[in-house]
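Enquirer: One structure, pasted below without further comment.
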Amino acid sequence: MTQFKVITTFGEHLRILRETAGLTLKEVATNNDIDISLLAKIERNERQPTKQWIKKIAKYFKIDETELLNEFLSDQIAYKILDDESDLSILKAAEQKIKYRITNNK
């Protein structure tokens, strides 16, 4: 049986984690030293969290921090491509540059 991954933004993913755990915005915010309104804006994709906060929230929800960081970074890439009205072929070019830099240790 094929299993499909649901595509979400970082904020949506965070809201799903919180709601699945049965927690309020206030509970998550209080336990993670973040303002409630800022957390709400992150969930609505109106503000971006810091990488340090992402690591903290991953620990709080007991999930792999790489999962959340990937969600966050993929959002950043998608927003940049959309904002610049770029073609998706830019991803292929970026992949080639990454391979080049890895190969040449730069």
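Enquirer: Exactly one condition in (1) outside any loop (DSSP other than H, G, I, E, B); (2) under 24 Å from residue 79 (Cα atoms) is not met by residue 28; state its number.
Expert: (2)
Enquirer: Quick check on my filter: what residues within the range 5-16 are farther than 15 Å from residue 58 by Cα, without any contact (Cβ under 8 Å) to a residue 40 or more places away in the chain and within 13 Å of the chain's Cα centre (by Cα)?
Expert: The answer is 7, and nothing else.
Enquirer: Return yes or no: is residue 45 outside any helix (DSSP H, G or I) and at pLDDT below 90?
Expert: Judged against the criteria, residue 45 is not a match.
Enquirer: Can you name the residue in the range 3-23 that is loosely packed, with under 15 Cβ neighbours inside 10 Å and of a type in the set (Val, Ile, Thr) and, of all such residues, is farthest from residue 74 (Cα to Cα)?
Expert: It comes out as 20.
Enquirer: Out of everything in the range 48-71 that is of a type in the set (D, E, K, R) and part of a loop (DSSP other than H, G, I, E, B), what residue ends up being surrounded by the fewest Cβ atoms within 10 Å (Cβ to Cβ)?
Expert: 62
Enquirer: Right, here's the next one. If the requirement is being at negative phi, in contact with a helix residue (DSSP H, G or I) (Cβ under 6 Å, 6 or more places away or on another chain), loosely packed, with under 12 Cβ neighbours inside 10 Å and not polar (S, T, N, Q), which of these qualifies: 26, 97?
Expert: 26
Enquirer: Check whether at least one residue in the range 17-29 is touching a residue at least 12 places away in the same chain (Cβ under 8 Å) and under 29 Å from residue 91 (Cβ atoms), and report yes or no.
Expert: yes
Enquirer: Related question: If you check 36, 102, 77, which single one turns out to be in contact with a Lys or Arg (Cβ under 9 Å, 6 or more places away or on another chain) and free of Cβ contacts under 8 Å to residues at least 24 places away in the same chain?
Expert: 36
Quick grid of which residues meet (1) at pLDDT 85 or above; (2) within 15 Å of the chain's Cα centre (by Cα); (3) over 25 Å from residue 12 (Cα atoms):
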{"site": "63", "(1), (2), (3)": "yes, yes, no"}
{"site": "66", "(1), (2), (3)": "yes, yes, no"}
{"site": "69", "(1), (2), (3)": "yes, yes, no"}
{"site": "76", "(1), (2), (3)": "yes, yes, no"}
{"site": "86", "(1), (2), (3)": "no, no, no"}
{"site": "93", "(1), (2), (3)": "yes, no, yes"}
{"site": "96", "(1), (2), (3)": "yes, no, yes"}
{"site": "100", "(1), (2), (3)": "yes, no, yes"}
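The values are calculated or read from the model by the stated rules, or taken from the named source; none is laboratory data. In this text the structure is predicted, and so the values were computed from the model without any measurement. Heads up, the Cβs are rebuilt from the backbone with ideal geometry, glycines too, and the neighbour counts pull from every protein chain shown.
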